[in-house]
Amino acid sequence: MYFSDQIDTKQTVVGSKRAEQGRVLIIEDSRAVSQVMRHRLENDFFCQVTQCASADVFRNVMRGGDTFDVAVVDLNLPGASDGEILDAVIAQGIPAVVFTADFNRDLRERLLQKGVADYHVKNNEGAIDLVVSSVLRLLGNRQVGVLVVDDLPSARAMLADLLRVQKFQVYEAATGYQAMDILTRQPHIELVITDYNMPDMDGYELTRRIRRDHNSDRLRIIGISSSADRLLSASFLKAGANDFVYRPYVIEELQCRIQHNIETLAQLRQLRVAAFSDYLTGLPNRRYFFDEGPAQVAGRLERDEPCCIAMLDIDHFKKLNDTYGHEIGDRVLQAVGAKLARRLDGSGHLLARLGGEEFSVLMLGLDVEKGSALCETLRREIESLRVALDDQDINVTISIGLAEIAGRESFSNYLAAADQLLYLAKSYGRNRVYSETMLS
C-alpha cells in the first residue's frame, strides 16, 4: 500500500484498498441480469467485467486476445442455443460458472463431465448473489495451495483435476513422507486432502505428524477413503483432521466441504488481523510485536545472523496534541505510520506501533551499523513529511534509539535497551538516531 507524502483528512492507513480482484466474463443475453451482476462485481468487489449478450459478441471478444479469470455462462444465447459457448469457454481454460433457467439431473451430469466450476439455476431473486459468490470464491482460490496425498495415481489425478477446475494451486504426493517434504517447501498450503491407505504411513499417522507443526487455524486436513469402515471418519477426526469424506463422493458435496474449510481459515485470519492490528494506523500492534518478535530473534540467533531493535518516538507529540487537538494528533500518527510502512514495505523487518507516539522496528539481518543507516533513512523521511491542515502544514520529526541483539535475553530486555538509547537521543536534542556504538 502506497501513500503520498502529503496526508490530508481523507487519507488513513486503514482506508480500504481498491484491489483488483480479477477479470470476469459475463455471457448472458438478459440485459437486466447481466447489468446487476456487473454492478455487484465492479462496484462491490472491484473486478474488471466484460459483457457478451450473444455468441457473435463472445467470439469477437475472444478474437481480441483478452484473458479472463472466470466466466459466467448462460447456456442459451442468440446464435448458440445448445451450449456451444460453454464448450468454447472451457476450451480456453476459463473456469465456468453456469447460470441457466432450465435444469435437470441429466444436465447436471453433462455439466460435471464438461468440468464446469459451478452451476446455479435462475429460480429466485437470490440466484445472482449465489453466482457472485461463486465468482469470488474462484478468484480467491487462486491464492490457496492444496496438497493431495494418495498413492493411487488415478485417484490422485482425479481429485487434483477437480481442484484445478476450482482454480486452487494443487500439489501432489504419493506418500506421507513426500507430503511432509512438500509442506516444508510450500508454506502457503492451507489444505491437505489425504487418503487413508499409503505405503509408508497411513492417513492417521500423516495427520498426527502434520498437527505437530501446523495448527488447525493455519492448515486444514480432510481425510478421504473408499473403505466401508464407518468408524474411519471418527479415527481421522480424533487424529486432528477437520473433515472426512467417503468415496465415491458426490462432487458438489466434496466441493462444499473443501470450500467451508477454506472459508473457516479466512475467517480465522480476519480475527487474527483484528487482534494484532493497531486500530488507528493499521500497523501491527504491541501484542503482535511481542508474539512474533521473540521467534524471529530466536531464529536469527540460532543461525548466527545479526539483528537489532529500534524504538521510535515522535518529538514533542504532547505539545502537538495540546496545540492542535487529538484529532490532528491522530492524523500525525497515521501519517508517520504510513510513511514508515511504505519505506519498510518488502524489507522483511517487523514494524509495529507500541502505543501512544511510540513505534518499534525489529531489523532482521542487519547489524547495528547497517541498522543505524536504515534508522537515519527513516529519520530523514519523517523529517520531510508534511501533514496538511486547513491553513498550514505541520512538520514532524522523530528520535530513534537502536540496540543490537547479540545474546539470548527476554524480548522485553531488548526493547528496554532500545528505549534507554531513545532517551539519550531525546536528551541530546531530538530528531536524531542514537545507538550503543555512541556510548564509548
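Bear in mind that the values in this text are calculations on the coordinates, not laboratory data. Keep in mind the model is a prediction, meaning the values are calculated, not measured. So basically every Cβ, Gly included, is an ideal-geometry build from the backbone, and we count neighbours across all protein chains shown.
If R₀ is 22 angstrom, what is the calculated FRET efficiency for the pair V250 and M158, using the beta carbon separation as r and rounding to 0.05?
Working from the Cβ atoms, E equals 0.95.
Could you compute the longest span of the chain free of trypsin sites (Lys or Arg not before Pro) located in DSSP loops and having at most 11 other Cβ atoms within 10 Å, not counting the site residues?
Maximal segment without exposed cleavage sites: 19-229.
Count the lysine pairs in the chain whose Cα atoms lie under 26 Å apart, taking only pairs 8 or more positions apart in sequence or on different chains.
15
What is the spin-label model distance, in nm, from T175 to Y423 if the labels are put 7 Å beyond Cα along the C-beta direction?
Taking the simple label geometry, T175 and Y423 are separated by 6.0 nm.
Against the longest alpha carbon principal axis of the chain, how many degrees, from 0 to 90 and to the nearest 10, is the axis of helix 127-141 turned?
Helix 127-141 and the main axis of the chain meet at about 60 degrees.
Multiplying the sequence separation of T67 and T184 by 0.36 nm and subtracting their Cα-Cα distance, what value in nm do you get?
Gain on stretching T67 to T184: 38.8 nm.
How far is helix 411-427 tilted off the main Cα axis of the chain, in degrees rounded to 10, range 0 to 90?
50
If the label point is 7 Å along Cα→Cβ of S227, which residues in region 241-273 have backbone nitrogen under 14 Å from it?
Once the point is set 7 Å along Cα→Cβ of S227, 241, 244-247 turn out to lie under 14 Å by backbone N, inside region 241-273.
With a Förster radius of 60 Å, plug the Cβ-Cβ distance of A101 and Q392 into 1/(1 + (r/R0)^6) and report the FRET value to the nearest 0.05.
E(calc), rounded to 0.05, equals 0.45.
With an 8 Å cut-off on Cα pairs and a minimum separation of 6 or more residues, tell me the relative contact order of the chain in percent.
12
Given labels modelled 7 Å from the Cα in the Cβ direction, how far is it in nm from D217 to K319?
Rounded to a tenth, the inter-label distance reads 4.4 nm.
To the nearest 10 degrees, how steeply does helix 326-344 sit against the main Cα axis of the chain, on a 0 to 90 scale?
With rounding to tens, the tilt is 70 degrees.
Stick to Cα atoms and the Kirkwood definition of Rh, then tell me Rg/Rh for the chain.
1.07
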